[in-house]
Amino acid sequence: MLLSLKNKIAVVTGGAKGIGAATAKLFREAGATVEILDVEAGCDVTDEAQVRKAYERIGAIDILVNNAGTAVRRTALEVKKEEWDAVIELNLTALFMCSRLAHPHMKKRGGGAIVNLASIMGLSGGIYPNASYQASKGGVVNLTRALALEWAADNIRVNAVAPTYVRTDLTTVIFSNPEMMKTVMAHTPLGRFPEPEDIAAAIAFLASDAARCITGVTLPVDSGYLAR
């Protein structure tokens, strides 16, 4: 019962596919009512007005999963400023804005749970140069701590998950390259990669009452990557 999300209203950003879609599916199976905010479904989460309007339509929010994200795989010397800005805007700034706008809705409900999508790249230097993505996810890790402390008095828990490489649209270039996969596998002690459903399971745990005393934590789902 602690893992049940019955009668909870959950918002999942970037929920049209990949980890977000797997999370929305699992949440529904656990009893939650799920609202998806995705540019493919008519809501650009980098647009504050669109997010505010969506929240007003939904009316009540118990759970927010900040999953929307992007990547531009370029070295620090190659990445263009507009590319850097786009990654930071979606991965970090939009996450902050969506969380801040959700706060009053959760407070009215007596509390809530926010789960952010960080990454092992926010907790390590990574294997391949990816400066903008690594910076954005590092920001997510520490923003998670900051909001957890600031909103604890309102009974709003804020946590994050940090996936390793997961087969999604963002990782196609890696999973389709045998040499790159060989390198990544060498950093994967369990010898297998998580599926989107594995990340969704960790998100559901952190969103549920089973994690009612957990806040400010970033939980790696990384097949042992960070243990090295």
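The values are calculated or read from the model by the stated rules, or taken from the named source; none is laboratory data. What you see is a predicted model; the values in this text were computed from it and never measured. Positions of Cβ are generated from backbone atoms using ideal geometry, with glycine treated the same way; all protein chains shown enter the neighbour counts.
Has the range 97-108 got at least one residue that is in contact with a His (Cβ under 8 Å, 6 or more places away or on another chain) and buried (at least 17 other Cβ atoms within 10 Å of the Cβ)?
No, every residue in the range 97-108 fails to be in contact with a His (Cβ under 8 Å, 6 or more places away or on another chain) and buried (at least 17 other Cβ atoms within 10 Å of the Cβ).
Give the residue that is surrounded by the most Cβ atoms within 10 Å (Cβ to Cβ), with candidates limited to residues of the range 47-68 that are more than 15 Å from the chain's Cα centre (by Cα) and within 28 Å of E195 (Cβ to Cβ).
Only one residue tops the list, namely I61.
Here's the yes/no breakdown for (1) in contact with a strand residue (DSSP E or B) (Cβ under 7 Å, 6 or more places away or on another chain); (2) not in a helix (DSSP H, G or I):
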residue	(1), (2)
K53	no, no
I61	yes, yes
V65	yes, yes
A68	yes, yes
T75	no, yes
T93	no, no
C98	yes, no
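Can you name the number of the only condition in (1) over 23 Å from M1 (Cα atoms); (2) crowded, with 16+ Cβ neighbours inside 10 Å; (3) at pLDDT 95 or above that T171 fails?
Failing condition for T171: (3).
Among the residues of the range 1-46 satisfying the criterion of being under 14 Å from the mean Cα position of the chain (by Cα), not hydrophobic (A, V, I, L, M, F, W, C) and not in a strand (DSSP E or B), which is nearest to L95 (Cα to Cα)?
G14
For residues in the range 1-27 being among the basic types (K, R) and farther than 11 Å from A204 by Cβ, which is surrounded by the fewest Cβ atoms within 10 Å (Cβ to Cβ)?
If we take residues in the range 1-27 being among the basic types (K, R) and farther than 11 Å from A204 by Cβ, then K6 is surrounded by the fewest Cβ atoms within 10 Å (Cβ to Cβ).
Does the range 29-43 contain at least one residue that is within 18 Å of L143 (Cβ to Cβ) and either modelled with pLDDT under 95 or buried (at least 19 other Cβ atoms within 10 Å of the Cβ) (or both)?
For the range 29-43, residues within 18 Å of L143 (Cβ to Cβ) and either modelled with pLDDT under 95 or buried (at least 19 other Cβ atoms within 10 Å of the Cβ) (or both): absent.
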